[in-house]
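The values are calculated or read from the model by the stated rules, or taken from the named source; none is laboratory data. Predicted model, so just to flag it, every value in this text is computed and none were measured. Ideal geometry is used to build each Cβ from the backbone, glycine not excepted, and the neighbour counts take in all protein chains shown. When the accessible area is computed, the model is the full protein with side chains, heavy atoms only, and any ligands, DNA or RNA have been set aside. Shrake-Rupley method; radii C 1.70, N 1.55, O 1.52, S 1.80 Å.
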Amino acid sequence: MTNIFASTSVEIGTVDPALLVGGVLGTLAYFVVGVAVLATGFLVLDLMTPGNLRHQVYVDKNPNAAILLASNHLALAIIVVTAILTSSDGFAQGLADSAVYGLFAIVLQAIALRLMNAFLPGKLVALVQDPKMCGAAWAVGVSLLSIGLVNAAALT
């Protein structure tokens, strides 16, 4: 009986530590940019809404504030992911692309929220202080998410 494995050769290859370290550092840099954009987005949303948004979500457990925060974060995360995936192949330019498009997305999301607040009945940003969950908070949240998807698709 012939051993079929004896004639099979498997090339395992080598590992380039410098390439691996460079990849890990690049991942870390893009991660930092992404988290910085999300944190900045939180701060902008907090400034646009009455009261302390962090306190309303995590201490008061206000569902409307949580819906608004979660939808805005998800929209920004989609935009940041798209910005990273479509950024320049050059490391420094790619990081710059991701940061600039992420920050620009925050501005566009803020403008969208201001426009919704101006043109829709009631003061939508004041929903964060209402302790009773309301449909308008879901509508604003889905609108912000939808605008974020359009924003992400518009990245070039």
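Listed values, structure above:
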read-out	value
log10 of Debye I(q)/I(0), alpha-carbon scatterers only, for segment 105-156 at 0.19 Å⁻¹	-0.65
Taking the chain and dividing mean pair separation by its residue count, relative contact order in percent (alpha carbons under 8 Å, at least six apart)	32 percent
Cα-based convex hull, segment 76-124, per residue volume (Å³, whole number)	60 Å³
Stokes-Einstein D in µm²/s, Kirkwood radius over Cα pairs - segment 67-156 at 10 °C with 1.306 mPa s viscosity	115 µm²/s
Between segment 10-80 and segment 81-129, the Cα center-to-center distance that results, in Å	13 Å
Segment 45-156 - accessible surface per residue (Å², probe 1.4 Å)	53 Å²
Gain in span if fully extended, ALA92 to VAL21, counting 0.36 nm per residue against the direct Cα distance	23.9 nm
Relative contact order, percent, segment 56-146 [alpha-carbon distance under 8 Å, six or more residues apart]	47 percent
Fraction of accessible area attributable to carbon and sulfur, the chain (%, probe 1.4 Å)	72 percent
Pairwise FRET efficiency - VAL81 versus LEU47, Cβ, R0 = 25 Å, nearest 0.05	0.55
Positive-end residue, segment 1-153 charge dipole about Cα centroid, Cβ charges, pick of GLN129, HIS73, ILE84	GLN129
Segment 12-147, Rg to Rh (Cα coordinates; Rh as Kirkwood inverse mean 1/r)	1.11
Rg in Å to one decimal, and Dmax rounded to a whole Å, for segment 27-90 via C-alpha atoms	13.7, 45
